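Enquirer: Sharing a structure, written as structure tokens. Questions coming.
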Amino acid sequence: MKSRGSGTSAVHGTRKARPGPLVLPIAQTSTFAFASSAELRRCLEGDPALYEYTRDANPTLEELEEALAALEGAESGLVLASGMAAMSTAVLSLVRTGDEVLASASLYGGTLRLLTEALPRFSVTTRLVPIAELPEVGALAGERSRLLIVESPTNPTLQVVDLSATCRSAHASGLIVVVDNTFASPMVQRPLALGADLVMHSLTKALAGHSDLIGGALLGSRARIEVARATRKTLGGCLDPHAAFLTLRGLRTLHLRVERQSRNALALARRLEGHPALARVIYPGLESHPGHAVACRQMTGFGGMLTLQLKGGLDAACRFYDRLQLVARAASLGGVESLASLPVLSSHHGLEDSALRAAGIDPGMVRLSIGVEDEADLAADLEQALAG
């Protein structure tokens, strides 16, 4: 069979026609029983039809892992208890004491805290690299540099990293590249095809899409995923089978949701650009965005994330935030409903001012996750909130 389109992959995953339940039943169990010691031995030897314990493997989790791998164009996948479980498992599967991690200066706050607060306890250091220097990151690598972590578009500033150039430069110096693809989703960007070694997702966001579960995923080569799988088994961060089932259900409408979110976000960005209350409208689909050309080259759409920077700093951002009526004031992103968050009071709360400046985060920024509502209703809400 020829390769499937992304929408077909979202609906069907890798499933072939089969008799019985159309939807795979949930294997909602912690452990699996064996008929005999001989069967147990076959399981331990790797019989793919046998399972021992859900922390190690579970058929519902495997169905999701295969579906996600198909979407990202990966050989293999691994699902975990949260996006941060995925990122920490990826990092701990790749570094050892004395190593250095290079990371984009603009990253999700939880990832920054992992790198700058948790890893130093184990003598793993992190050096933050400005976005503009990432395409030449290989020149910055030292003898201890092991790993490069980036995301694109970035959270919450929506800067666009030239992933092809960055991966080429990183690989020339022996760096392994991990890309957080949560903001884009595999519907509009496939980092593995651009040279990345591992892709990380928060399943909580667009992939599951309904703001009702927590989960994470890693996608990449079979060899790298098997190392991460062994680390997940040790750390214990497996996904619950019911959350895996809900994610599989969410994937079936992923292409429809992301298309609508992207269309809404672009329309709103164009409508609000130049508004007198705004210092900036940040969206990769705008021709005014510094990374627009790169986004057009490596993305097939621009996603549902939109950031507004209000004149007047945090006070103005709070007034806008408090006046919203349709858009919900909540963390997270990628769901069917539109959400607003204040990065300095949510995803990046508690970071030093120097870290915020390095990431390009202004106190007046409001991060919007645009949902699938009618664009006119969203525009009316944002405009009345700005009027205040």
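Enquirer: Tally the residues that are touching a residue at least 60 places away in the same chain (Cβ under 8 Å), assigned to a loop (DSSP other than H, G, I, E, B) and out of contact with any Ser or Thr (no Cβ under 8 Å at 6 or more places or on another chain), restricting the search to region 182-203.
Expert: 2
Enquirer: Out of (1) modelled with pLDDT under 95; (2) assigned to a helix (DSSP H, G or I); (3) touching a helix residue (DSSP H, G or I) at 6+ places or on another chain (Cβ under 7 Å); (4) open to solvent by 50 Å² or more (accessible area, probe 1.4 Å), the odd one out for residue 14 is which?
Expert: The one condition residue 14 does not meet is (2).
Enquirer: Filter region 121-137 down to the residues that are closer than 20 Å to residue 86 by Cα and in contact with a strand residue (DSSP E or B) (Cβ under 8 Å, 6 or more places away or on another chain), then identify the one that is most open to solvent (accessible area, probe 1.4 Å).
Expert: 125
Enquirer: Pairs, please: C-beta under 8 Å, at least 6 apart or cross-chain, first residue within 19 Å of residue 12 (Cβ to Cβ) and free of Cβ contacts under 8 Å to residues at least 60 places away in the same chain and in region 64-83, second open to solvent by 10 Å² or more (accessible area, probe 1.4 Å) and hydroxyl-bearing (Ser, Thr, Tyr)?
Expert: Going by the 8 Å Cβ cut-off, the qualifying pairs are 66/14.
Enquirer: Taking the stated definitions as given, is residue 97 touching a residue at least 12 places away in the same chain (Cβ under 8 Å), open to solvent by 40 Å² or more (accessible area, probe 1.4 Å) and in contact with a strand residue (DSSP E or B) (Cβ under 6 Å, 6 or more places away or on another chain)?
Expert: In short, no.
Enquirer: I need the full set of residues from region 33-58 which are in a helix (DSSP H, G or I) and without any contact (Cβ under 8 Å) to a residue 12 or more places away in the chain, in order please.
Expert: 37, 38, 39, 41, 42, 43, 44
Enquirer: Also, I was wondering about something else. Among what's in region 255-287 and is of a type outside the set (D, E, K, R) and over 22 Å from residue 156 (Cβ atoms), pick the residue that is least open to solvent (accessible area, probe 1.4 Å).
Expert: Restricting to residues being of a type outside the set (D, E, K, R) and over 22 Å from residue 156 (Cβ atoms), the top hit is 255.
Enquirer: Looking at 239, 235 in this structure, which one is surrounded by fewer than 22 Cβ atoms within 10 Å (Cβ to Cβ), of a type in the set (A, V, I, L, M, F, W, C), over 21 Å from residue 102 (Cα atoms) and in contact with a helix residue (DSSP H, G or I) (Cβ under 8 Å, 6 or more places away or on another chain)?
Expert: 235
Enquirer: Right, here's the next one. Here's a check for you: in region 83-107, which residue that is among the β-branched types (Val, Ile, Thr) and part of a helix (DSSP H, G or I) is nearest to residue 141 (Cα to Cα)?
Expert: Result: 91.
Enquirer: Looking at region 82-97, can you tell me whether even one residue there is in contact with a Gly (Cβ under 8 Å, 6 or more places away or on another chain), among the β-branched types (Val, Ile, Thr) and under 30 Å from residue 248 (Cβ atoms)?
Expert: For region 82-97, residues in contact with a Gly (Cβ under 8 Å, 6 or more places away or on another chain), among the β-branched types (Val, Ile, Thr) and under 30 Å from residue 248 (Cβ atoms): present.
Enquirer: Could you list all residues from region 78-113 that are more than 14 Å from the chain's Cα centre (by Cα), closer than 13 Å to residue 235 by Cα and of a type in the set (S, T, N, Q)?
Expert: Of everything in region 78-113, those that are more than 14 Å from the chain's Cα centre (by Cα), closer than 13 Å to residue 235 by Cα and of a type in the set (S, T, N, Q) turn out to be 89, 93.
Enquirer: Report whether or not residue 104 is in contact with a strand residue (DSSP E or B) (Cβ under 8 Å, 6 or more places away or on another chain), open to solvent by 10 Å² or more (accessible area, probe 1.4 Å) and modelled with pLDDT of 95 or more.
Expert: no
The values are calculated or read from the model by the stated rules, or taken from the named source; none is laboratory data. Owing to the predicted nature of the structure, the values given are computational and were not obtained by experimental measurement. When we count neighbours, we look across all protein chains shown, and the Cβ atoms used for this are built from the backbone with ideal geometry, even at glycine. Only protein heavy atoms, including side chains, enter the accessible area calculation; ligands, DNA and RNA are left aside. Shrake-Rupley method; radii C 1.70, N 1.55, O 1.52, S 1.80 Å.
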